[in-house]
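The values are calculated or read from the model by the stated rules, or taken from the named source; none is laboratory data. Quick caveat: nothing in here was measured; it's all calculated off a predicted structure. Here Cβ is always computed from backbone atoms with ideal geometry, including for glycine, and neighbour counts include all displayed protein chains. Side chains are part of the model used for accessible areas, which takes the heavy atoms of the whole protein and leaves out ligands, DNA and RNA. Shrake-Rupley method; radii C 1.70, N 1.55, O 1.52, S 1.80 Å.
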Amino acid sequence: MTIYLPIAELSVNIFIILGMGAAVGFLSGMFGVGGGFLITPLLIFYNIPPVVAVATGANQVVASSVSGAITHFRRGSLDIKLGIVLLIGGLAGATVGVVIFSWLRRLGQLDLIISLLYVVFLGTVGGLMLAESLRAMRRASRNESISLKRPGQHNWVHRLPFKMRFKKSKIYLSVIPLIGLGFAIGILTSIMGVGGGFIMVPAMIYLLRIPTNVVVGTSLFQIIFTTAYTTVVQAATNFSVDIVLAFFLMVAGVIGAQYGVRVGQKLRGEQLRALLGLLVLAVGVRLAIELVVPPDDIYSLAIGG
């Protein structure tokens, strides 16, 4: 059974699209990530134009983030004030990112840049996650204790000016690194279609020393509005959001996430990180292979204008 995607301008098998959405939703529920860094490469593998894959993939990130943020808000583990400061940087970064996105599209280099960014990005993150999780599993097998710096300890970031007190997080921190972090995530969201949570969360915990209990919920709060804003701007500027594709991805993703949460609760933290690291590396390697292997059809036709 096939459906026609009006913006992508091609027909696709509806069951493959539903399968992609369900698989990414399952992984999102199991690993606690938005899934944007997985759904975009998968759509590209299925010959969805990268410009459409990036803009449409952000919709699924919005859907999964809303559910998680509401849960954290009810539990009292969401710092609204901190999230708004991050959001200021995120909206500014998303705006700049859309401009860069449009510029690369006009140059005709957008597909290459997106693929290269994903190869570098996924290869680095996946490699670091896999190495860290393997070390953690070795330590666990030897019953070795792990000494970590706790959130709240100070480093050079805490000596920056323009400090603000965040009562919910119980920290007194400069807004400069917060806005800068949000700005960087906003650019990634616009260009790559990712929520950026798996970068933001470690940065907030280990660099900014924000208490872990409010990090995830606050990150999801910022991601909701940044990705939603990016989707609207992409639709208005580049006309690249395919609502039909987005609908099927979100429906399947919500269903898959419910089962992913159940499976994830049965695995230890280091096992989850190792599996996610392998998955991220596999996607990165797959994209890298496509960049160096000659295509079946060397020439292609496109309508300009």
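Applying the criterion of being of a type in the set (A, V, I, L, M) and either within 21 Å of GLY76 (Cβ to Cβ) or open to solvent by less than 20 Å² (accessible area, probe 1.4 Å) (or both) to the residues of segment 153-167, the residue that is modelled with the highest pLDDT is MET164. Does segment 85-92 contain at least one residue that is in contact with a helix residue (DSSP H, G or I) (Cβ under 9 Å, 6 or more places away or on another chain), crowded, with 17+ Cβ neighbours inside 10 Å and at pLDDT below 80? No, segment 85-92 contains no residue that is in contact with a helix residue (DSSP H, G or I) (Cβ under 9 Å, 6 or more places away or on another chain), crowded, with 17+ Cβ neighbours inside 10 Å and at pLDDT below 80. Among all residues of segment 68-81, there is at least one that is open to solvent by 60 Å² or more (accessible area, probe 1.4 Å) and either in contact with a Cys (Cβ under 6 Å, 6 or more places away or on another chain) or free of Cβ contacts under 8 Å to residues at least 60 places away in the same chain (or both). In segment 59-113, which residues are among the hydrophobic types (A, V, I, L, M, F, W, C) and more than 21 Å from MET204 (Cα to Cα)? If the condition is that a residue be among the hydrophobic types (A, V, I, L, M, F, W, C) and more than 21 Å from MET204 (Cα to Cα), then ALA63, VAL96, VAL98, VAL99, ILE100, PHE101, TRP103, LEU104, LEU107, LEU110, LEU112, ILE113 are the ones that fit. Out of all the residues in segment 70-80, is one or more among the β-branched types (Val, Ile, Thr), modelled with pLDDT of 80 or more and in a loop (DSSP other than H, G, I, E, B)? No, every residue in segment 70-80 fails to be among the β-branched types (Val, Ile, Thr), modelled with pLDDT of 80 or more and in a loop (DSSP other than H, G, I, E, B). Among the residues that make up segment 93-100, is at least one of them farther than 17 Å from GLY186 by Cα, among the aliphatic types (A, V, I, L, M) and assigned to a helix (DSSP H, G or I)? Checked segment 93-100: no residue is farther than 17 Å from GLY186 by Cα, among the aliphatic types (A, V, I, L, M) and assigned to a helix (DSSP H, G or I).
Pairs meeting the criteria (first residue in segment 91-109 and at positive phi and aliphatic (A, V, I, L, M), second residue open to solvent by less than 60 Å² (accessible area, probe 1.4 Å) and part of a helix (DSSP H, G or I), beta carbons under 6 Å, at least 6 apart or on different chains) are lacking.
Of all residue pairs spaced 6 or more apart or on separate chains, those with beta-carbon atoms under 9 Å, a first member in segment 42-54 that is within 12 Å of LEU5 (Cα to Cα) and a second member that is β-branched (Val, Ile, Thr) and open to solvent by 40 Å² or more (accessible area, probe 1.4 Å) are PRO49/ILE7; VAL52/ILE7. When segment 6-20 is filtered for residues that are at pLDDT 85 or above and either in contact with a Leu (Cβ under 9 Å, 6 or more places away or on another chain) or open to solvent by less than 20 Å² (accessible area, probe 1.4 Å) (or both), the ones remaining, listed by number, are SER11, VAL12, ILE14, ILE17, LEU18, MET20.
A quick yes/no check of all residues on (1) within 27 Å of GLY76 (Cβ to Cβ); (2) open to solvent by 30 Å² or more (accessible area, probe 1.4 Å):
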{"site": "SER169", "(1), (2)": "yes, no"}
{"site": "PHE183", "(1), (2)": "no, yes"}
{"site": "ILE187", "(1), (2)": "no, yes"}
{"site": "MET192", "(1), (2)": "no, no"}
{"site": "ILE205", "(1), (2)": "yes, no"}
{"site": "ASN213", "(1), (2)": "yes, yes"}
{"site": "THR218", "(1), (2)": "yes, no"}
{"site": "PHE239", "(1), (2)": "no, yes"}
{"site": "ILE243", "(1), (2)": "no, yes"}
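If you go through segment 28-48 and pick out every residue that is farther than 13 Å from ALA63 by Cα, open to solvent by 20 Å² or more (accessible area, probe 1.4 Å), in contact with a helix residue (DSSP H, G or I) (Cβ under 6 Å, 6 or more places away or on another chain) and at pLDDT below 80, you end up with 2. Taken over segment 171-181, the criterion of being in a helix (DSSP H, G or I) and open to solvent by less than 50 Å² (accessible area, probe 1.4 Å) is satisfied by VAL175, PRO177, LEU178, GLY180, LEU181.
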